[in-house]
Every structure is written in C-alpha cells, then in structure tokens.
Amino acid sequence: MRIGPYQLKNNLIVAPMAGVTDRPFRILCKKMGAGMAVSEMVASNSLLYGSEKTMRRANHEGEVDPISVQIVGADPKMLAEAAKYNVDNGAQIIDINMGCPAKKICNVMAGSALLQNEPLVQTLLEAVVGAVDVPVTLKIRTGWDKSSRNAINIARIAESSGIQALAIHGRTRACGYTGDAEYDTIAAVKAEVRIPVIANGDITTPEKAQYVLQHTGADAVMIGRAAQGRPWLFREIAHFMATGQHLPAPQVAEIRAVLVAHLQDLYDFYGEYSGTRVARKHISWYTKGLPGSAQFRHHMNQLPSTEEQMAAVCEFFDLQLERGERLHYGEELAA
Ligand SMILES: Cc1cc2nc3c(=O)[nH]c(=O)nc-3n(C[C@H](O)[C@H](O)[C@H](O)COP(=O)(O)O)c2cc1C
C-alpha cells in the first residue's frame with residue numbers, strides 16, 4: 001500500500017477517532033502492527049484560537065512515519081489554511097473528513113454533510129490539494145442516505161482533484177453507527193477509480209479483515225472501534241494475513257504491561273488533570289471482559305489522580321495474575 005511517496009509497512013490503518021486516536025494511541029497501534037494511523041480531526045476554524053487542544057493535536061514528537069493528520073471544515077480557504085498549518089507542524093499526509101455524522105459538524109455543513117454538495121466537494125478538495133505539497137487523502141461514507149449513495153461520484157471527483165487515497169466507511173450518514181456496514185458500495189468504488197481505496201466499517205477480527213479485502217478488492221482496511229483497548233489486533237491481523245494462522249491471544253501479563261506503558265504516555269502527554277480523565281475510557285476498554293472488571297471500573301472512575309489510577313490498575317491486574325497466571329484475555333475464570 002502506497003500513499004504518494006510513503007510505502008506503508010502493511011495495509012492495516014487505524015481509523016481517525018476524536019478523543020481516541022491521540023498521539024499516544026497512534027504510536028502504540030503502529031508499534032503493535034498498524035501500517036498507518038490517522039489523527040483525530042482538527043477543526044479548520046480552531047486554528048484561529050490557538051487552543052491548548054489544537055496545539056496538542058499538532059504535536060507529533062516521536063511519531064513513526066507517515067504522520068497523517070485529519071482536518072474538517074466546509075470553507076475552502078480555511079481548510080487550505082488548516083492543511084498548511086498542519087504540514088508546517090509535521091503532517092506528512094493531510095486527510096479530509098467527509099464522513100463524520102456528528103450534528104456539531106454537519107450543522108455547519110462539514111463532515112458527511114458535504115456529500116450532499118458535489119460541486120463544493122470538488123472546490124474543497126482542489127483548494128487543499130493546491131495548498132500543500134504532501135499527499136492529500138479523503139475519508140467519506142457511502143452517501144448521505146440510502147437514496148443518495150453517491151460514493152462513486154465523490155470518488156471520481158476525488159481522483160480528478162488529485163486525492164491520493166480514499167477511505168470509505170460502509171454506512172451512509174443517515175445510518176449513523178446502526179445496522180451493519182455494507183461493502184458492495186466500496187467494491188463498486190474500487191472498480192471505478194485507480195487511486196488506493198481503503199475499506200472501513202465493522203472490521204473486528206482477522207477473518208473479517210480478510211473477507212472485506214477480498215470482497216471489495218480494496219487496497220487496505222481501516223479499523224476503529226475494534227482497536228479500542230485492543231491495539232494488538234493489528235499484529236493479529238497482520239500475522240493471519242501472512243500465515244493463515246492465528247496468533248495466541250495476549251496473556252494478562254502482556255495486557256498489564258501494554259496498558260501501564262500506555263497510561264504513562266497519556267499522563268506525559270496530557271498532564272495530571274486531563275491525563276486521568278482521558279485514561280479512564282482506555283482502562284475501561286482494556287479491562288472489559290476480565291473477571292471483576294465492572295466493579296473495578298466503577299471504583300477506578302472515581303479516582304482523581306494519575307498516581308491512584310495507576311496503582312488501582314496495577315492492583316487489578318496483579319489480582320488477575322494471582323488468580324490465573326495463564327489466563328488469556330477475555331477468557332472466563334472458573335470461580
Ligand atoms: C469515538 C469515535 C470517534 C470518531 N471520530 C472520527 C473522526 O474524528 N474523523 C473521522 O473521519 N471519523 C471518525 N470516526 C469514525 C471512524 O473513523 C470509523 O469510520 C467508524 O468508527 C467505523 O469504523 P469501525 O467500525 O472500525 O469503528 C469516529 C468513530 C468513533 C467511534
């Protein structure tokens with residue numbers, strides 16, 4: 001899989017997720033096997049304010065190439081400025097978000113709302129491609145709703161505007177996150193354009209990744225929710241694709257080590273106050289399915305400091321280890 005000058009080490013990509021795919025999570029997923037990770041979206045108008053959040057999102061220290069930053073907006077000039085700002089701050093690929101269904105975004109006619117306005121899509125894409133020297137990629141849904149699945153039109157516009165890869169989430173905007181993602185539209189797009197196509201939506205296992213690649217003919221798959229608390233999913237898929245065999249699930253001792261290192265990175269990146277809060281959701285994801293985890297999460301969510309949070313996590317995992325040294329993630333322990 002190649003995007004402009006960047007040859008990815010494989011065709012497994014971490015989906016952009018606001019509030020999730022921050023620098024620590026992107027670095028971790030790449031370390032655990034992902035070929036690329038797209039940043040959380042950066043709103044193009046937020047550049048005006050120079051907020052702490054925007055500055056943090058433009059910090060890529062220690063990140064493995066290629067660094068892909070997603071921008072969102074509906075004003076060609078502002079979107080082009082946002083692209084330039086992010087390239088000046090280390091972005092090696094600019095990704096444009098036309099997939100987000102959130103009301104906050106769609107009400108200003110950005111994100112997936114743009115799919116309704118093909119001429120504006122073209123203007124926006126040309127403005128960004130013309131503003132930066134790095135590859136520009138695009139992420140879309142299959143359309144606005146089931147009666148206007150215009151992904152093929154958008155893909156043609158993207159290709160002719162100089163977009164260098166296209167990610168498609170197999171749902172319409174109207175679907176939100178309900179129902180199952182469908183892959184026929186992605187296959188139809190892949191058959192129409194020559195730029196790399198990335199298939200996204202509901203990929204949760206190595207078998208599903210393989211099925212989606214085969215069914216759509218896409219060049220890569222993009223994975224979001226299934227990687228939350230499971231960054232090793234990328235190495236599991238990569239291994240399965242290479243050998244047809246499953247890697248054993250990670251043992252609790254490894255999950256403990258991965259989580260502890262992840263928490264330390266989050267604390268360093270966000271500081272004491274935000275670090276504690278951002279970490280809570282990750283801890284919940286990592287511990288889901290382990291014995292006693294619901295009670296633990298309730299307790300952990302009350303803890304106000306990074307020190308207490310880290311101590312509670314270590315204690316929880318030590319208890320798991322004491323109860324069953326060979327326990328595998330997700331397995332039930334006999335009482
Ligand atoms: C918490 C969360 C935040 C998301 N934020 C973004 C975003 O900032 N930009 C974007 O293009 N998509 C965003 N998405 C959509 C995902 O990138 C992806 O398209 C969607 O979750 C479907 O893939 P999945 O089934 O593998 O999760 C977000 C999804 C979730 C669950």
Item to check | Cα-based reach from K146 at 12 Å (exclusive), listing aspartates and glutamates while leaving out same-chain residues under 8 positions away | outcome: E182
Next on the checklist: Below 8 Å between Cα atoms, with a sequence gap of 6+, how large is the relative contact order for the chain in percent?
Outcome noted: 13
Checklist outcome for this item: Footprinting proxy, L263, L120: sorted fewest to most Cβ within 10 Å, the residues are L120, L263
Checklist entry - Is segment 252-323 best put as rounded, prolate or oblate by its Cα gyration tensor, with a ≥ b ≥ c the root eigenvalues, rounded for a/c under 1.5, and otherwise prolate when a/b is larger than b/c, oblate when not? => result prolate
Item to check | Dipole-positive endmost among A155, M300, A312 within the chain (Cβ charges, Cα centre) | outcome: A155
Item to check | Ranking of M55, M32, M98 by count of other Cβ atoms within 10 Å, fewest first | outcome: M55, M32, M98
Checklist entry - List the lysines whose alpha-carbon lies under 17 Å from that of K9, not counting same-chain residues fewer than 8 positions away? => result K30, K31
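Summing +1 for each Lys or Arg and -1 for each Asp or Glu, what net charge is found among the other residues whose Cβ lies under 14 Å from the Cβ of Q245?
Once all neighbours under 14 Å are counted, the net charge is -1.
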Item to check | Percent antiparallel among DSSP beta bridges (both partners in the chain, rounded to 5) | outcome: 10
Checklist entry - Quick one: if the Förster radius is 45 Å, what FRET efficiency do M241 and Q122 give, using the C-beta to C-beta distance and rounding to 0.05? => result 0.80
Checklist entry - Taking square-rooted eigenvalues a ≥ b ≥ c of the alpha carbon gyration tensor, is the chain rounded, prolate or oblate, where a/c under 1.5 means rounded and, failing that, a/b exceeding b/c means prolate? => result prolate
Checklist entry - Dipole size in debye (nearest 20) for the chain around its Cα centre, Lys and Arg Cβ +1, Asp and Glu Cβ -1? => result 580
Checklist outcome for this item: Mean separation of Cα contacts under 8 Å (at least 6 apart) over the residue count of segment 79-136, i.e. the relative contact order in percent, is 44
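Can you tell me the FRET efficiency between A294 and D65 if r is taken as the Cβ-Cβ distance and R0 is 41 Å, rounded to the nearest 0.05? Can you show the working numbers first?
Details: r = 40 Å, r/R0 = 0.97.
Working from the Cβ atoms, E equals 0.55.
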Next on the checklist: Tell me the relative contact order for segment 252-323 as a rounded percent, counting alpha carbon contacts under 8 Å between residues six or more apart.
Outcome noted: 41
Checklist entry - Gap in Å between the Cα centre of segment 248-274 and the Cα centre of segment 107-168? => result 36
Item to check | Protection proxy ranking of 282-292, 78-88 - average other beta-carbon atoms within 10 Å, highest first | outcome: 78-88, 282-292
Checklist outcome for this item: Checked segment 111-198 against the a/c 1.5 cut and the a/b vs b/c comparison, axes a ≥ b ≥ c from its Cα gyration tensor; verdict prolate
Checklist outcome for this item: Cβ-Cβ cut-off under 13 Å around L8, Lys and Arg +1, Asp and Glu -1: the net charge is +1
Checklist entry - So which of K139/K190; K84/K281; K84/K190 end up more than 22 Å apart by C-alpha? => result K84/K281; K84/K190
Next on the checklist: Tell me which trypsin sites (Lys or Arg not before Pro) from segment 178-251 have a DSSP coil assignment and no more than 10 other beta carbons within 10 Å of their own.
Outcome noted: R194
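Laboratory data are not the source of any read-out in this text; all were calculated from the coordinates shown. Treat the numbers as computed from the prediction; the structure is a model and nothing was measured. Note that we place each Cβ from the backbone using ideal geometry, even for glycine, and neighbour counts take in every protein chain shown.
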